[in-house]
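J.: Next up is a structure, given as C-alpha cells.
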Amino acid sequence: AWQKLESAARKFDPDHPLVAFSRIKSAAALYDLGRNLEAKAALEAGLAGTPLDDPTYLTSRAQGVALRGTILAQAGEAESAIEALRQGYKDYLTGFANVAQADRKRGTYMAKSNLEFSLSQVLLRLSEVDDALAFQKISLETREGAVGPNDPDTIGSYYGYAGTLRRAGRLEEAERIARIAVDRAVDHLDPSHTSYAR
C-alpha cells in the first residue's frame, strides 16, 4: 500500500514529500518483516526527501530517524546510530519549536518521546548509562506532559525507566519508579492491557 502511494505521488511530482513519506512508512514495514537492508535503503531515501521545515511531515520524519538509529544499532554501528539520532533529535526540536502549541497533537509528542527513548537505548549499548538515563527520563516526561500520568504509554515509560535504573544498579530509585507504574496501572488500566500486565 505504501509503495502504491509512493508511485501515485511520484506521478504527480517526483519530489513531492509524499514520496519520501511513503518510503519511510515502507521502511517500517520492511523492518517489521526483518528485511533490514531494504528498510535502511528506503529510510535513507525517505529521510533525504522529507523537508525539515514542514510541520506536516515532522512526526513521520522523527519516526524514520528513530528507526534509522535502531537499524544502525542492531547492525553493530552504535556510534553511527548515536550520531544519526542526535542530529535527528536536534532537527526535530527545531521543527517542534515551529509548530504552534494548538497544532501539537499526540503523535507530535510521541515522536519526540520515541526519539528520546531511542537515544537512551543506543547510549545504553555504548555503556553511557548516565546519558541514557537522562534521555529516558526526558522521554517519560515528554509523554507524561502530553498525555497525562495515567495514560498506558506513560505507565509503560515508568516501567521501562525503572528497568533501566535497576540495570544501572540504582535499586531504590528503580523500586520507587516501578511502584508508581504498578499503582497507576492497577488504578487506571483495564487488567487486559499490556501495560497492566507488565
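The values are calculated or read from the model by the stated rules, or taken from the named source; none is laboratory data. The shown structure was predicted, so the numbers you read here are calculated from the model rather than taken from an experiment. Glycine also receives a Cβ, built like all others from the backbone with ideal geometry; neighbour counts cover every protein chain displayed. For accessibility, only protein heavy atoms count, side chains too; no ligands or nucleic acids. Shrake-Rupley method; radii C 1.70, N 1.55, O 1.52, S 1.80 Å.
J.: Looking at the structure I just gave you, is GLY76 small (Gly, Ala, Ser) and within 19 Å of ALA20 (Cα to Cα)? Write out each step before concluding.
T.: Details: small (Gly, Ala, Ser): yes; within 19 Å of ALA20 (Cα to Cα): no.
Spelling it out, it is not the case that GLY76 is small (Gly, Ala, Ser) and within 19 Å of ALA20 (Cα to Cα).
J.: Let me ask another. In segment 174-198, which residues are within 22 Å of LEU133 (Cβ to Cβ), of a type outside the set (Val, Ile, Thr) and either under 21 Å from the mean Cα position of the chain (by Cα) or open to solvent by 50 Å² or more (accessible area, probe 1.4 Å) (or both)?
T.: Listed by number, the residues that qualify are GLU175, ARG176, ARG179, ALA181, ASP183, ARG184, SER195, ARG198.
J.: Regarding segment 120-136, can at least one residue be identified that is in contact with a Leu (Cβ under 9 Å, 6 or more places away or on another chain), touching a residue at least 24 places away in the same chain (Cβ under 8 Å) and of a type in the set (Val, Ile, Thr)?
T.: The answer is yes, given that some residue of segment 120-136 is in contact with a Leu (Cβ under 9 Å, 6 or more places away or on another chain), touching a residue at least 24 places away in the same chain (Cβ under 8 Å) and of a type in the set (Val, Ile, Thr).
J.: Within the set of pairs 6 or more residues apart or between chains, which connect a residue that is farther than 19 Å from GLY145 by Cβ and free of Cβ contacts under 8 Å to residues at least 24 places away in the same chain inside segment 81-106 to a residue that is among the hydrophobic types (A, V, I, L, M, F, W, C) and open to solvent by less than 30 Å² (accessible area, probe 1.4 Å) with Cβ atoms less than 7 Å apart?
T.: That search, which allows pairs on different chains as well, returns ALA84/VAL65; ALA84/LEU72.
J.: Working only within segment 7-62, note down all residues that are within 25 Å of ALA97 (Cβ to Cβ) and β-branched (Val, Ile, Thr).
T.: ILE24, THR50, THR56, THR59
J.: Hey, can you tell me all the residues within segment 151-183 that are over 15 Å from SER195 (Cα atoms) and assigned to a helix (DSSP H, G or I)?
T.: Initial filter on segment 151-183 (over 15 Å from SER195 (Cα atoms)): 164-176.
Listed by number, the residues that qualify are THR164, LEU165, ARG166, ARG167, LEU171, GLU172, GLU173, ALA174, GLU175, ARG176.
J.: Can you tell me which residues in segment 61-102 are open to solvent by less than 40 Å² (accessible area, probe 1.4 Å) and of a type in the set (Ser, Thr, Tyr)?
T.: Correct list: TYR89, TYR92.
J.: Please work out which residue is nearest to ALA81 (Cα to Cα), limiting yourself to segment 122-132 and to residues that are open to solvent by less than 60 Å² (accessible area, probe 1.4 Å) and assigned to a helix (DSSP H, G or I). Talk me through it step by step, then tell me what you get.
T.: Within segment 122-132, the first condition is being open to solvent by less than 60 Å² (accessible area, probe 1.4 Å), and the residues that meet it are 122-124, 126, 129, 132.
Restricting the remaining residues to those that are assigned to a helix (DSSP H, G or I) gives 122-124, 129, 132.
Details: VAL122: 7, LEU123: 9, LEU124: 12, VAL129: 16, ALA132: 14 Å.
Among those that are open to solvent by less than 60 Å² (accessible area, probe 1.4 Å) and assigned to a helix (DSSP H, G or I), it is VAL122.
J.: Residues of segment 69-112 being under 19 Å from ARG143 (Cβ atoms), among the charged types (D, E, K, R) and under 14 Å from the mean Cα position of the chain (by Cα), which ones?
T.: ARG106, LYS112
J.: Would you please name the residue that is most open to solvent (accessible area, probe 1.4 Å), looking only at residues in segment 1-23 that are aliphatic (A, V, I, L, M) and within 25 Å of the chain's Cα centre (by Cα)?
T.: Start the filter on segment 1-23 by keeping residues that are aliphatic (A, V, I, L, M), which leaves 1, 5, 8-9, 18-20.
Checking the rest, the ones that are also within 25 Å of the chain's Cα centre (by Cα) come to 1, 5, 18-20.
Numbers: ALA1: 110, LEU5: 58, LEU18: 55, VAL19: 6, ALA20: 4 Å².
It comes out as ALA1.
J.: Taking the residues in segment 133-150 that are open to solvent by 30 Å² or more (accessible area, probe 1.4 Å) and in a loop (DSSP other than H, G, I, E, B) as candidates, determine which candidate is farthest from GLN101 (Cα to Cα).
T.: In this case the residue turns out to be ASN150.
J.: Going by the conditions given, is SER26 at pLDDT below 90, under 19 Å from ASN114 (Cα atoms) and open to solvent by less than 50 Å² (accessible area, probe 1.4 Å)? Talk me through it step by step, then tell me what you get.
T.: Working: at pLDDT below 90: no; under 19 Å from ASN114 (Cα atoms): yes; open to solvent by less than 50 Å² (accessible area, probe 1.4 Å): yes.
Against the criterion (at pLDDT below 90, under 19 Å from ASN114 (Cα atoms) and open to solvent by less than 50 Å² (accessible area, probe 1.4 Å)), SER26 does not qualify.
J.: Please enumerate the residues belonging to segment 153-173 that are open to solvent by less than 80 Å² (accessible area, probe 1.4 Å), among the charged types (D, E, K, R) and either farther than 19 Å from MET110 by Cβ or modelled with pLDDT under 90 (or both). Reasoning before the result, please.
T.: In the first step, residues of segment 153-173 are kept if they are open to solvent by less than 80 Å² (accessible area, probe 1.4 Å); the result is 153-158, 160-165, 168-169, 173.
Imposing the further condition that a residue be among the charged types (D, E, K, R) reduces the set to 153, 173.
Result: GLU173, single match.
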